[in-house]
Each structure stands twice: as C-alpha cells, then as structure tokens.
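K.L.:
The structure is given below, and queries will be raised subsequently.
The values are calculated or read from the model by the stated rules, or taken from the named source; none is laboratory data. Keep in mind the model is a prediction, meaning the values are calculated, not measured. Quick reminder, even Gly has a Cβ in these numbers, built from the backbone with ideal geometry, and neighbours come from all protein chains shown.
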Amino acid sequence: MSKQKSTNRTAAKRTRRTFSDEYKIEAVKMVTEQGYKVTEAARQLGIGSNTLQRWKGQFSSREKDSDSEEVKRLRAENKRLRMEREILKKAAAFFASEKN
C-alpha cells in the first residue's frame, strides 16, 4: 500500500503583504531611535524579525548614501564660505590701510 500525496490543498493560500516605505522606515526607527530590540519591534508589528532586520539593512544603507551626499554638499559650502571670508578680510585690511 503506497501513500499518495494530496495535491489538492484545502487551506487557503496566504497572500503576501506589502508595506510602504514610510511604514518600513517607521518600523526601523523603533529599533534605531527608540531602543527596541529587533525581535520586540517585529513582534509588536506582527512581522518577522528577519524581515525587520532586512529593512534595517536596506534603510541604513540609504541613510548612509544620503548622509555622504549631505557631507559633500556641506564641504563645498564650507570651502566657498572660507574663500568669501578671506576676500572680505583682505578687503577690510585694504580699506583700513587706505584711511591711514
């Protein structure tokens, strides 16, 4: 007597849940900013801890990219402002020497 596997399942198929980026970011903030452990936050949100860990990796790398762009922008602005300050120093010295 051989057993046959039933290919007809009576259980309903699970639908895949999708989450917006905003939701994912807020979930990651629970871990990164509010001090929750990944497992605690995942349990509260009703998602798998592996899912939350993956989101954390995704959004922390995006954050690093945006931070590096911000640093580049700020360095360029800092350089420009230093040049402007040097020009103003020289102009002030020039006009101060003309008065005498």
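K.L.:
Can you report the number of residues in the range 30-82 which are closer than 30 Å to Phe19 by Cα, hydrophobic (A, V, I, L, M, F, W, C) and over 15 Å from the mean Cα position of the chain (by Cα)?
P.N.:
The qualifying residues number 5.
K.L.:
Restricting attention to the range 44-98, which residues are free of Cβ contacts under 8 Å to residues at least 12 places away in the same chain and not in a helix (DSSP H, G or I)? Quick ask: steps written out before the conclusion?
P.N.:
Going residue by residue through the range 44-98, those that are free of Cβ contacts under 8 Å to residues at least 12 places away in the same chain are 46, 48-51, 54, 57, 61-98.
Hits for the range 44-98 are Gly46, Gly48.
K.L.:
A further question on this structure: Quick one: what pairs do we get from the range 25-38, first residue closer than 14 Å to Gln53 by Cβ, second at pLDDT below 90, C-beta under 8 Å, 6+ apart or different chains?
P.N.:
Close Cβ pairs (under 8 Å, with a partner that is at pLDDT below 90) amount to Val28/Phe59; Val28/Ser60; Thr32/Ser60.
K.L.:
Exactly one of these conditions fails for Gly46: (1) on the phi > 0 side of the Ramachandran plot; (2) modelled with pLDDT under 90. Give me its number.
P.N.:
In the conditions (1) on the phi > 0 side of the Ramachandran plot; (2) modelled with pLDDT under 90, Gly46 misses (2) alone.
K.L.:
Identify, please: which residue in the range 83-100 is surrounded by 10 or more Cβ atoms within 10 Å (Cβ to Cβ) and basic (Lys, Arg) and is, among those, nearest to the chain's Cα centre (by Cα)?
P.N.:
Only one residue fits best here, namely Arg85.
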